[in-house]
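First comes the structure, then the notes that go with it.
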């Protein structure tokens, strides 16, 4: 059974960089059928896609966050990671990692079929 | 970006009721739409993909329909365990975008 688990600091100071890692078990992150994505949810609010990464390192980022986001993948550890720089209070959220199925003819990501439990990140000095 | 507008934002219904949620896209997205269920304190769960296809293991009381810009999600007979917030999500164009959610209560 596929499982994803987010890990990283739960508290980040304003202007610093948020760093999270997603560990994948039960499937290879090198599967050619999937991207691996990050989605966030501010407390009491809706879902926002941050971006997705392929095992090769190819990425798609949400343009609204693109200037501050870096994703990476470590196939040897079956993990992928998120870095979000220059955080503010608006970045406080539960951050989810998810498996992101490639859909359609474009080869782009689009469907989150397995999710981690989520990691709450607070931004405060 | 494609904007996804869900309605209503919340609803209250009785056990056994038929519940309908709508999702409207700001442009034609064909049938490139998914529906998720999120229970309090939990991650979202994929229920419906490609607008009308059930994810494996999803009860048949959940269904989806629509194409183009207008989509519907239906619970044919509301059960207590269906209390959750439901989200639509389009994948016709990047960035992937979600609707604002519909909170379903009994």
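Here, each number is a calculation from the coordinates, and none is a lab measurement. In this text the structure is predicted, and so the values were computed from the model without any measurement. Don't worry about glycine lacking a Cβ; one is built from the backbone with ideal geometry, like all the others, and counts go over all protein chains shown.
Observations on the structure shown:
- The gain in end-to-end length when the residue A:113 to residue A:74 segment is fully stretched comes to 11.9 nm, 0.36 nm per residue minus the alpha carbon separation.
- The alpha carbon gyration tensor of the protein assembly as shown gives principal lengths a ≥ b ≥ c with a/c of 1.5 or higher and a/b greater than b/c, which makes the shape prolate.
- Between residue B:12 and residue B:70, the FRET efficiency from the beta-carbon distance, with R0 = 25 Å, is close to 0.55.
- Averaged over peptide A:106-118, the number of partner chain Cβ atoms lying within 10 Å of each residue's Cβ comes to 5.
- Rough spin-label spacing in nm, given labels placed 7 Å along Cα→Cβ, for residue A:64 and residue B:27: 1.7 nm
- Centroid-to-centroid, using Cα positions, region B:1-74 and region A:36-106 are 23 Å apart.
- For region B:9-106, the convex hull drawn through the C-alpha positions has a volume of 90 cubic angstrom per residue.
- Between residue B:79 and residue A:5, the modelled labels are 3.0 nm apart [label points 7 Å from Cα along Cα→Cβ].
- Separation in nanometres of the label points that stand 7 Å from Cα toward Cβ, at residue A:88 and residue A:125: 1.5 nm
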